[in-house]
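Working notes, beginning with the structure itself.
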Amino acid sequence: MSSHDSTTPRPTRIAIASKLLKSIGYDPQTQALEVEFSSGSIYTYLDVTPETYAALMDADSVGAHFLRDIKPHHAFTRMDV
């Protein structure tokens, strides 16, 4: 079972100014990054350290940073909406 099942609260997402991403939420306790894409799909990326999350949020281009430094390096699950 993934770290986010139906009984696990999901992180609150914040809106992102990006063509690729609509919103991002992070849970430092589980190190889960929840990403809502502009298409409406929502994925949870696992084992994202607080430092990795901070670098993402500080990036000049959040979408480019996500594609380069998070997506190829972290396991993920698609969330049922």
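Nearest 20 debye, what's the magnitude of the dipole of segment 14-78 about its Cα centre given +1 on Lys and Arg Cβ and -1 on Asp and Glu Cβ?
On the way: 5 positive and 8 negative charges, 65 e Å.
Charge dipole, segment 14-78, about its Cα centre: 320 debye, nearest 20.
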Give me the extension gain from Arg78 to Asp47: residue separation times 0.36 nm, minus the current Cα-Cα distance, reported in nm with one decimal. 9.6 nm
Farthest toward the dipole's positive end in the chain, which of Ala64, Gly40, Thr30, given Cβ charges of +1 (Lys, Arg) and -1 (Asp, Glu) about the Cα centre? Gly40
Amide H to amide H under 5 Å from Met79: which residues, 5+ apart in sequence or cross-chain, H placed 1.01 Å off N in plane? Ile42, Tyr43, Thr44
Extended-chain gain in nm, criterion 0.36 nm per residue less alpha-carbon gap, Gln29 and Ala17: 1.8 nm
Within a Gaussian network of the chain (alpha carbon springs, distance under 10 Å), most fluctuating of Asp27, Asp47, Asp60: Asp60
For Cα Rg over 2.2 N^0.38 Å, the choices are (1) 0.99; (2) 1.94; (3) 1.45; which was calculated from the structure? (1)
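Here, each number is a calculation from the coordinates, and none is a lab measurement. Computed from a prediction, not measured in an experiment: that's the story for all the values here. In this analysis, Cβ positions are derived from the backbone assuming ideal geometry, glycine residues included, and neighbour counts consider all displayed protein chains.
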